[in-house]
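Colleague: There's a structure below that I have some questions on.
The values are calculated or read from the model by the stated rules, or taken from the named source; none is laboratory data. Computed from a prediction, not measured in an experiment: that's the story for all the values here. Here the Cβ positions follow ideal geometry from the backbone for every residue, glycine too, while neighbour counts run over all protein chains shown.
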Amino acid sequence: MRIFENANYPMIDIRMITYAISGSLILISIIAIMVRGLQFGIDFKGGKEYIIQFEKPVTVTQTRSVLTKTLGKEPLVKRFGSPQDLLIRTDASGDEAVVQKQILSSLKQAYPGNQAQVLKKDIVGPRFAESIKLAAIYSVLTSIVVIFLYILIRFRKWTYSAGAIIALIHDVTITLGFFTIFNKLLPFNMDINESLIAAFLTIVGYSINDTVVVYDRIRENLNIFKTDPFEKTVNKSINDTLSRTIITSGTTLFVVIVLFIFGGQVLKGLSLALIIGITVGTYSSIFIASALVVDFQKRVVKSAKKVISK
Amino acid sequence: MKGNGTKIGFTIAFLVISVYYLQFSIRYWILTGREKNLQGQAKTEYVQKHQKQIDNLRPKILNLGLDLQGGMHVTLQLQTQQLLKDLAKERADSTLNHALDIAAAKARKNNTDVVDEFVQTFETRDPNARLSRYYRSEADNITRRSSNADVVKYLQKQRNSAVKRAIQIIRTRIDRFGVNEPSIVKQGQNRIAVELPGVKDEERVRNLLKGTARLEFRLCADPQELQTSLKKIVSYYNNADTTAKVDTSAQQASKNNPLLKVMVPEGRSVVFGAATAADSAMVDSLLGQPAVRQMLPRDVTLLWTAKPGFTGQNGKKYFNLIGVKKQVELNGDVIVEARPTFDRYTNQPEVSMTMNREGARKWARITGANIGKPIAIILDGYVYTYPNVQTKISDGRSSITGLGSVQESQDLVNILMSGALPAPLDIVQVRTVGPTLGQASIHSGFSSTIIGLIIVALFMIAYYNKGGGIADMALIFNMIFILGILAAFKATLTLPGIAGIVLTIGMAVDANVLIFERVREEQAVGKSMRAAIDSGYSNAMSAILDSNITTFLTGVILYSFGVGPIKGFAVTLMAGIVSSLFTAIVITRIVVDYMTRDKNAVVNFG
């Protein structure tokens, strides 16, 4: 079986179209992030989060109104997978043990004969949350810098580094935008938390993986087809590696979709981020990263010519 | 085929090592799995027979994270501010306290180190001020003449050793508590991460970790003076309430009295008042007003009792507020032995303590001078008992009563005996996972791994034919190696870690995809089978290395910044990359070479 055998699509020629698509996706994402703000989870915001399992199903709205009375302010109440399980998040102040007792006793009153137990809980102090957030920001920034340097060392041209990094920022921004827009619309936790950061870094690693394979081929083809224009060689390289890109992305997408379906509630956010990120990352490796190198390279040549003509 | 001897050697070596490390876990799971299925007599017999074996295996098995086996993760933070205050001892004055408060607030806001912020704050207030005014140490050669830089070094050293001591103390306490495989590690400069697998009774753990065990013996306030103050303060709030309008009848006034709304005034003996746990914070803030404080005797402070004094008509429990002297007569460090006992008459649990000689001498003097008066025994800022002194106690024995349960008395003994924490610890993060959720996570993680593996394997065979089959074989080796690496390095498998393994399955075939695509290309330009395979492997190499190194680097970054379960994800991702490189490049090559050893043999790459 073969796909994309002797592929020869004009990837570079249509770059204005793909730039426009990417540009508008990024714009939508940035607007969404600016309007709604980043939806931070408990890890980065601090607070108290409980996952409570009931013996029999309960309604979200009733639970919310019951808890609003006890806690004094409205908590976030969400379904967590099955109708028996609820996620309750509150920033009610006070000792965590006391808050938990308050919640459980008021649920006991509201639902007599329907035992509730805490399956999981996360309590994060605001100070601690702040330091996790900083660590996350550093880790994403560091990874971008490290990758920039690695590619600079391996390919000896800043244009490659820049193309790869812009493609990476493109991937992360669009995934982030997706998570901001669909945050409250899907029935599982899509807040930005530690595991989502892990997903972002994996996306970064994954997308760079695809991009580097293409760059590697460009480098190789440049040595073989020395007389061809740069654009043509780049386009050929993308096509040469196309079937590999699609197959690897395909197998990886398979498994993250499996993870999304069978991995349980806790991994839903992480695996969805990977699904979106890998899709966008594959797209950017094919249509954006190398196209940017072509444009940057042109600029380099132009400015070099200017210097000479002077 | 040349050079394949080494390759085969390595492969077998890695396989043997991986299987060796994994067999502990497999044996352990089989043994404990059987135990779960048994019941009653059979179970007891089984446990008796195999317990030793299980205990021997346990430290060697693949660690499961708390999110998989259930348990509690707590992050504690040392109150550096308090430590700096304590180190200054009696030299601490309002200037120092003020600088410390500002520094603590800044450190909280900017997430910086309290010691650094403190020095900065201190120096900006007065560039010529010397820290050596507050801190002295013979051992560290800090004298009146020491420079600020030296003092800072000393303070940092003290802070680090305080964290170290705190870790030791917590370890002792937890060991006595009895937890399988607890992990207690330093995190950053002043944090301690504690992982307690399988722990269910959170409340106990919390008390165990937080209890600073600052045991103090203090005299109580003079009942007469206390009563006078109480009257003054109540009437202050009567008058202060301006919303009472013109109607100032005594009854109306007391109805609107903000203090009386939350506190029942007592004024009998040394009990100032009583309030429910929920109202106590409000009472504290009302009584904390500077104007109100002045109405209390200068040397007196008010502390809550650890246990409720009575149950009100509304069914709520009320805690007493006790007037005690500010001066500490005797400290917990004089205690040499503590043990849980029962009160001879009421049979209530209590803790009896024995003091060292110096403590006993002081205790004799204190009790002798205060016969008939109450003495408060205070632990971590809460009054446990305030018994009246019956006679002079000269043997240095005393006991803490008013404990709720036998368990509590045992825990208290544990805390007293493991020593006092150098400074209080704040709990900044708690994460608990119930065992049922953990079990469900293992199940869903396991099934996603298997399903993912099957789908990818089938696809590879469909697409690359025999080549795909070889890649699949490499994939299975890969799984064994990853788990072997995790077990050998004592890494912890978490749920995100399993996600990392699943992701690796998808990405592991990448190297083979690169190679096989390359071989096909080489074949397409007319090279012979063997030549195509040779150049396919060697030409694909730079792309494979470049792409895997970049991914590995992000794994390293994730590992160094992430905490808890996310570290587990990074570990499996890195282990996966290393092992999939080996399996995809080395193992498949051995097999491919073996299959093409005959010149005319054909290995189909689809």
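Colleague: Restricting attention to region A:127-144, report how many residues are over 27 Å from A:ILE165 (Cβ atoms) and aliphatic (A, V, I, L, M).
Modeller: 1
Colleague: Find the helices (runs of 4 or more DSSP H) located wholly in region B:500-606 whose residues include 1 or more that are facing chain A (nearest Cβ under 7 Å) and on the phi < 0 side of the Ramachandran plot, and list them.
Modeller: Fully inside region B:500-606 and qualifying: B:529-561, B:565-582.
Colleague: Test each condition in (1) closer than 30 Å to A:THR173 by Cβ; (2) surrounded by fewer than 13 Cβ atoms within 10 Å (Cβ to Cβ); (3) within 14 Å of chain B (Cβ to nearest Cβ) for A:GLU55 and report the one that comes out false.
Modeller: (1)
Colleague: Let me ask something additional. Would you confirm whether any residue within region B:518-527 is among the aliphatic types (A, V, I, L, M), at pLDDT 85 or above and under 20 Å from A:GLY263 (Cβ atoms)?
Modeller: No, region B:518-527 contains no residue that is among the aliphatic types (A, V, I, L, M), at pLDDT 85 or above and under 20 Å from A:GLY263 (Cβ atoms).
Colleague: Filter region B:403-439 for residues that are in contact with an Asp or Glu (Cβ under 7 Å, 6 or more places away or on another chain) and within 14 Å of chain A (Cβ to nearest Cβ); which is surrounded by the most Cβ atoms within 10 Å (Cβ to Cβ)?
Modeller: Only one residue fits best here, namely B:VAL433.
Colleague: Now for a different question. Tell me the helices (runs of 4 or more DSSP H) entirely within region A:158-262 that contain at least 1 residues that are away from every other protein chain (no Cβ under 14 Å) and over 30 Å from A:LYS302 (Cα atoms).
Modeller: Passing ranges, in order: A:158-181.
Colleague: So, one more: Give the residues of region B:559-570 that are surrounded by 24 or more Cβ atoms within 10 Å (Cβ to Cβ) and out of contact with any Ser or Thr (no Cβ under 8 Å at 6 or more places or on another chain), sorted by residue number.
Modeller: B:ALA570
Colleague: Restricting to region A:22-34, give me the number of residues that are over 25 Å from A:LEU134 (Cβ atoms) and free of Cβ contacts under 8 Å to residues at least 24 places away in the same chain.
Modeller: Qualifying residue count, region A:22-34: 4.
Colleague: Continuing with this model, one more query. Could you check region A:40-146 for helices (runs of 4 or more DSSP H) lying wholly inside it with 2 or more residues that are farther than 28 Å from B:ALA281 by Cβ?
Modeller: A:60-71
Colleague: Just checking: which of the helices (runs of 4 or more DSSP H) contained wholly in region B:247-324 hold 2 or more residues that are more than 35 Å from the chain's Cα centre (by Cα) and either modelled with pLDDT of 80 or more or surrounded by 15 or more Cβ atoms within 10 Å (Cβ to Cβ) (or both)?
Modeller: Hits in region B:247-324: B:250-256, B:258-262, B:290-293.
Colleague: Among the candidates B:VAL556, B:VAL525, B:VAL591, which residue alone is in the same structural domain as B:ILE461 (by TED's automatic domain parsing), β-branched (Val, Ile, Thr), surrounded by fewer than 24 Cβ atoms within 10 Å (Cβ to Cβ) and within 22 Å of A:GLY281 (Cβ to Cβ)?
Modeller: None of the others qualify; the one that does is B:VAL556.
Colleague: Another question about this same structure. Where the second residue is assigned to a helix (DSSP H, G or I) and among the acidic types (Asp, Glu) and the first is assigned by TED's automatic domain parsing to the domain that holds B:GLY452 and buried (at least 24 other Cβ atoms within 10 Å of the Cβ) and lies in region B:487-514, which pairs have Cβ atoms under 9 Å and are six or more apart or on separate chains?
Modeller: Pairs found: B:THR494/B:ASP67; B:LEU495/B:ASP67; B:PRO496/A:GLU194; B:PRO496/B:ASP67; B:VAL509/B:ASP472.
Colleague: All but one of (1) crowded, with 18+ Cβ neighbours inside 10 Å; (2) touching a residue at least 24 places away in the same chain (Cβ under 8 Å) hold for A:VAL77, so report the exception by its number.
Modeller: So the condition that A:VAL77 fails would be (2).
Colleague: Considering only residues that are within 19 Å of B:GLU181 (Cβ to Cβ), out of contact with any helix residue (DSSP H, G or I) (no Cβ under 9 Å at 6 or more places or on another chain) and surrounded by 10 or more Cβ atoms within 10 Å (Cβ to Cβ), which ones fall in region B:34-55?
Modeller: Result: B:GLN51, B:ASP55.
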